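Beneath this line is the structure, given in structure tokens, with notes to follow.
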There are 4 protein chains.
Amino acid sequence: MAEQLKDPGIGEKFNARSGRVMNRDGTFNVRRSGFDIRRLHLFQYLIRISWMHFFLLLLAGFAIINLLFAFIYLSMGNTGLRTSGDMEAISPFWQCFFFSLHTLTTVGYGNFYPYGYASNAVAGIEAMLGLLGFAVATGMVYGRFSRPTAKMAYSKNALIVPYKGINALMFRMANMRAGLLMEIHADISLTYVEKVGDQFMRRYYGLHLERNDIIYLTLTWTLVHLIDEDSPFYGKSVGELEDMQLEILVKIKGYDEGFGEHIHSRYSYLFEDIVWGAKFVPAFHVDEKGMAVLDYEKISRYDEVELNPFTNTLKKQEALM
Amino acid sequence: MAEQLKDPGIGEKFNARSGRVMNRDGTFNVRRSGFDIRRLHLFQYLIRISWMHFFLLLLAGFAIINLLFAFIYLSMGNTGLRTSGDMEAISPFWQCFFFSLHTLTTVGYGNFYPYGYASNAVAGIEAMLGLLGFAVATGMVYGRFSRPTAKMAYSKNALIVPYKGINALMFRMANMRAGLLMEIHADISLTYVEKVGDQFMRRYYGLHLERNDIIYLTLTWTLVHLIDEDSPFYGKSVGELEDMQLEILVKIKGYDEGFGEHIHSRYSYLFEDIVWGAKFVPAFHVDEKGMAVLDYEKISRYDEVELNPFTNTLKKQEALM
Amino acid sequence: MAEQLKDPGIGEKFNARSGRVMNRDGTFNVRRSGFDIRRLHLFQYLIRISWMHFFLLLLAGFAIINLLFAFIYLSMGNTGLRTSGDMEAISPFWQCFFFSLHTLTTVGYGNFYPYGYASNAVAGIEAMLGLLGFAVATGMVYGRFSRPTAKMAYSKNALIVPYKGINALMFRMANMRAGLLMEIHADISLTYVEKVGDQFMRRYYGLHLERNDIIYLTLTWTLVHLIDEDSPFYGKSVGELEDMQLEILVKIKGYDEGFGEHIHSRYSYLFEDIVWGAKFVPAFHVDEKGMAVLDYEKISRYDEVELNPFTNTLKKQEALM
Amino acid sequence: MAEQLKDPGIGEKFNARSGRVMNRDGTFNVRRSGFDIRRLHLFQYLIRISWMHFFLLLLAGFAIINLLFAFIYLSMGNTGLRTSGDMEAISPFWQCFFFSLHTLTTVGYGNFYPYGYASNAVAGIEAMLGLLGFAVATGMVYGRFSRPTAKMAYSKNALIVPYKGINALMFRMANMRAGLLMEIHADISLTYVEKVGDQFMRRYYGLHLERNDIIYLTLTWTLVHLIDEDSPFYGKSVGELEDMQLEILVKIKGYDEGFGEHIHSRYSYLFEDIVWGAKFVPAFHVDEKGMAVLDYEKISRYDEVELNPFTNTLKKQEALM
């Protein structure tokens, strides 16, 4: 019998039928009620948002700080800024704004310069703030740029394949990044929903793999779960599986030499992603120089095959599995 | 029988009754005698202090270095600085101070500039020092900003819950950060104090959990310690427990995808944090779109329930446990 | 019998005889078909290329951005830039180009300065872009500079050495970096090709070592694989081994105290790198002060010796092994 | 019987009596013969040297680059630099040198500015190089500043202590850094030298500890090796131990919350560091507020005690151990 797991941290009891647990991009279908500023960590926020979003925020912040300092310099009137050369074409406010720009970026051309005590002091503070603020901004730019992220190609479908006299669930994956992936470890679990009274209980099972670890991922890796007596799929009919909001949760971890860091990838297959009776077509060939050539277009490609009969199961008749 | 641990690094023999071992924020009640500059690591100090404290130090350091260089330029008199444009409104000292500001921040407007050999050389040194100094300052700002820190919501109380025919100690937690927590591992230990002659001995026990690891923490995680014959709680009365300065030390470790790093969290429950006969109310529900909604307000909420009778214990009569 | 491994992520079935799996520098003989911009991760690309390549890209990018901004300033004509001092020797286009240089690097001498509204605004944007762009450029320079990389000296040959009454495969290595290597772990596998019908099957075996881990690597480490009944070499003749495109894949992992990070090293031995009947000469001696002196020149040096007879093998007659 | 280890990576056969394996600061007594530029990794070099050494190198590099560019500007004569304001007091060479300073640091006052095409172009290149060069310099400054390093206080002596009816080897340690140390793991080995023919063989043994791991190190940790039948000390007389260049190698690893990284510490005890018949005095007390107070001065302090008789040993008479 397959051994059921306690809730692996996703939640067990639900008041209503829940949707998909994990989305294809690896995010979970969870939100937090209410907004609470104490829960916001600015770094985590800035590293997560899109580049477009990030640059708009940056530009807005830059503009607001410049405006603020422009008004401070403007308020100083005569004792604020002076110009060297003829800058009279620019109105006093914009002179202050552009001077603030020169100071915050530390470009300091000198066509505007601070004249009195106050403006000199404020300009010093602004230059210092500029250095510290740009430290965060440029740190974030590089942090986002160099952030280790996985980019895996998963086969579109999980296949039920005749294998070792019985059948097996298989899906495969390849690394899309150029850096070598090493020490790859896979954790695969199955979850489905069962109605108990007026509550829905989410069940979890670990799916045993023939091999949970590989040393290098240079071509493709086919993950194989044998549907034997220890499998939670064992003895279940296709109809039953369809009804129970089955979801296969995939978690891959590896060391990416390109980043010099570990990366994590997640994926999920639903019932409708399973193909019954198929096997994968090789996704690589050897070229005339003896080099293996991986073709990402072929990752999801399969041929249809006959499944092995399901003996030793209580639901032999109708069961595909 | 529960297996006692040797001192896990906190100290065993005490000359007097000690206070709480770990505070709620995860710091330990330990201090070091005497101050020794060789024990100070500036980076560790600057990463630990509050932002307010950090910025005040930064500002003070910035001011002191500027003052120092201002006096150097001032001491050069005529061969020190020149001004372009009319800066006569500013006194010689402040001219030197503001020029130092322009140099240290590399803003260099040019309204002040170094005139003689010495001032040019000093200004070059100052600009170089400014670049190196701001490297540390801006590095620290970004290091503090991007530093991986855990923010967990722990239930206010640890509950004694009827469970599996006997009773169990349970508490729960949720991640307050937006980044996904993965590969979470919990280490829970119990410590209490025993009087041996005129000394106090601190005893340590590991608390076995039903599950020490979860794969993802998206909603809440309830940690369950079954009070069976292997539990150090077994056969102890409530009065005994109260008397022995019981403390439950919680240590959680996980990989935070938002930071791309492992985070650590600690918490501690005292005797008075334990509620006898209660069970947690779910802290999430499923909304109309099928999405799980976590409500942090409910993390600590529980309902009172009847405990299971404590059979198989020597102190059956008075013992709650 | 030696236990065969499933494909460790390198590929099993081939349509043609493939070449060497791993090159001496640790790269794999794999390429990806087609170019797809979505597979390009700019950071991974910029960290991998040579310094020459990197600097040429940097210079080109720098020149292009400057040209772009130069044309923008030029298009503003009269309301674009002004000069302080006599810069008439420089043509208007180059004035704009040099001004752009001063702005992008934030050096801002002020001999050129923005005059009208538009040029001031564009210069502000350029200075900001310069700071962000140089954040990535300088981040990459330092990232490349500080990147943890292994530099191991492997013995040129793997030797078959008489050992413990039978024979063993041995090779050795030393760390060429000055930083101390600690907690070193070795994973050694054997792969060879077998013809099955019209397909070539690549077989994989883990090679058991006498010792897979060492604590410190200060001198040399000799890795020892005993050719006993559990070895995939057992009972194979030299001729057979030669025919089957034998390849020994070496993977070393360790903590490099100089980088404060884990490093990975890979190497591969082919059939022709194996020497039958030899043993390594010590690669270090103790000097007059009692200090061990490692001589990298001697890492590959060996003396010829007689092998032990191969009893207990079915191919006793012709087999060297 | 104690189980001997194969060489853990330090070397086994020596042509002469070698000195101490590991120094007290954790470095090994090993050097590499010959200097080979290919073995030099600049980052590892710059992170390892002293701050004094580092800053002198930095200053020298800065001076040399400035000199170089100064000569380039000087060689351009009339079409090189111009000055705004009266800089005639400075000789042409130093004008070029100071301009180079202003450019490399991007301070750019504008009292010197590039006049012709060539000088403008060179200044642009210099500013760009300055930004990239300071990226490495400032990166190294911050990298050195924030580098995780252990600072442990080890007891000056290892003690032979009566314990559990027999005797044990004990030493202790405390963390000198303010950041909390967690998940500490100790690896202790014993090495000594034996004369075999005309060669010296170095033997290695792992020393079993009562406890190899602690969760937190807040006060002191006493490491305990029981001298039972499995100990390599078992049945050896003091005279024998003295003669064999005994050395106890200590390796400690832990997660330092202050750095957010793992740290490593090494130490070594020789025969003459062992005290026969002593036990440690507690190095902390509890103050009036119930807080534990650690006193580093007391880490090495011990009281003399009587050892247990050494029964079950072949050398009962003369043996202390």
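Pick from segment C:190-216 the residues that are not charged (D, E, K, R) and not in a strand (DSSP E or B): which of them is farthest from the chain's Cα centre (by Cα)?
Result: C:GLY197.
Here's the yes/no breakdown for (1) more than 8 Å from chain C (Cβ to nearest Cβ); (2) assigned to a loop (DSSP other than H, G, I, E, B); (3) over 30 Å from C:GLU297 (Cα atoms):
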position: D:ILE10; (1), (2), (3): no, yes, no
position: D:SER18; (1), (2), (3): no, yes, no
position: D:ILE47; (1), (2), (3): no, no, no
position: D:LEU58; (1), (2), (3): yes, no, yes
position: D:PHE97; (1), (2), (3): yes, no, yes
position: D:LEU101; (1), (2), (3): yes, no, yes
position: D:GLY108; (1), (2), (3): no, yes, yes
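Against the condition surrounded by 23 or more Cβ atoms within 10 Å (Cβ to Cβ), within 9 Å of chain C (Cβ to nearest Cβ) and within 36 Å of the chain's Cα centre (by Cα), how does A:LEU159 come out, does it pass?
Here the answer is no, as A:LEU159 does not meet what is asked.
So in segment A:269-290, with the set limited to residues that are among the hydrophobic types (A, V, I, L, M, F, W, C) and closer than 23 Å to C:ARG38 by Cα, which one is farthest from the other protein chains (Cβ to nearest Cβ)?
A:ALA283
Taking the condition in a helix (DSSP H, G or I), among the aromatic types (Phe, Trp, Tyr) and buried (at least 20 other Cβ atoms within 10 Å of the Cβ), does C:PHE134 pass?
Answer is yes for this residue.
Taking C:PHE171 as the residue in question, decide whether it is in a helix (DSSP H, G or I) and either outside the structural domain of C:LEU58 (by TED's automatic domain parsing) or under 23 Å from the mean Cα position of the chain (by Cα) (or both).
No: the conditions fail for C:PHE171.
For C:ARG24, state whether it is over 19 Å from D:THR103 (Cβ atoms), at pLDDT 85 or above and of a type in the set (D, E, K, R).
The answer is yes for C:ARG24.
Going through segment C:108-151 one residue at a time, which ones are in contact with a Ser or Thr (Cβ under 6 Å, 6 or more places away or on another chain) and under 30 Å from C:LYS253 (Cβ atoms)?
Result: C:ALA150, single match.
Being surrounded by 15 or more Cβ atoms within 10 Å (Cβ to Cβ), within 15 Å of C:GLY124 (Cβ to Cβ) and within 14 Å of chain B (Cβ to nearest Cβ) is true for just one of A:PHE69, A:PHE43, A:PHE28, A:PHE62. Which residue is that?
On inspection, the qualifying residue turns out to be A:PHE69.
Does D:SER33 count as touching a strand residue (DSSP E or B) at 6+ places or on another chain (Cβ under 8 Å), facing chain C (nearest Cβ under 8 Å) and crowded, with 20+ Cβ neighbours inside 10 Å?
No; evaluated as a whole, the condition is false for this residue.
If you go through segment C:79-91 one residue at a time, do you hit one that is outside the structural domain of C:VAL250 (by TED's automatic domain parsing) and assigned to a helix (DSSP H, G or I)?
yes
So in segment D:223-282, with the set limited to residues that are without any contact (Cβ under 8 Å) to a residue 60 or more places away in the chain and in a strand (DSSP E or B), which one is surrounded by the most Cβ atoms within 10 Å (Cβ to Cβ)?
Only one residue fits best here, namely D:LEU223.
Keeping to segment D:145-157, report how many residues are in contact with a helix residue (DSSP H, G or I) (Cβ under 6 Å, 6 or more places away or on another chain) and either among the hydroxyl-bearing types (Ser, Thr, Tyr) or under 22 Å from D:SER231 (Cα atoms) (or both).
Matching residues across segment D:145-157 total 2.
Pairs, please: C-beta under 8 Å, at least 6 apart or cross-chain, first residue surrounded by 18 or more Cβ atoms within 10 Å (Cβ to Cβ) and in segment C:175-191, second polar (S, T, N, Q) and in a strand (DSSP E or B)?
Every condition considered, the pairs that remain are C:LEU181/C:ASN175.
Name every residue in segment D:72-90 that is among the hydroxyl-bearing types (Ser, Thr, Tyr) and facing another protein chain (nearest Cβ under 9 Å), in order of residue number.
Residues satisfying the conditions are D:THR79, D:THR83, D:SER84.
Is it the case that some residue within segment A:84-94 is surrounded by 13 or more Cβ atoms within 10 Å (Cβ to Cβ) and at pLDDT 90 or above?
Yes, there is a match, as at least one residue in segment A:84-94 is surrounded by 13 or more Cβ atoms within 10 Å (Cβ to Cβ) and at pLDDT 90 or above.
For D:GLY197, indicate whether it is surrounded by fewer than 18 Cβ atoms within 10 Å (Cβ to Cβ), more than 10 Å from chain B (Cβ to nearest Cβ) and not hydroxyl-bearing (Ser, Thr, Tyr).
yes
Does segment C:137-154 hold any residues that are in a loop (DSSP other than H, G, I, E, B) and more than 10 Å from chain A (Cβ to nearest Cβ), and which are they?
Of everything in segment C:137-154, those that are in a loop (DSSP other than H, G, I, E, B) and more than 10 Å from chain A (Cβ to nearest Cβ) turn out to be C:ALA150, C:LYS151.
Within segment D:110-120, which residues are part of a strand (DSSP E or B) and either more than 10 Å from chain B (Cβ to nearest Cβ) or at pLDDT 90 or above (or both)?
D:PRO114, the sole residue that qualifies.
The values are calculated or read from the model by the stated rules, or taken from the named source; none is laboratory data. All of these numbers come straight from a predicted model, not from anything done at the bench. Backbone-built Cβ (ideal geometry, glycine too); neighbour counts: all protein chains shown.
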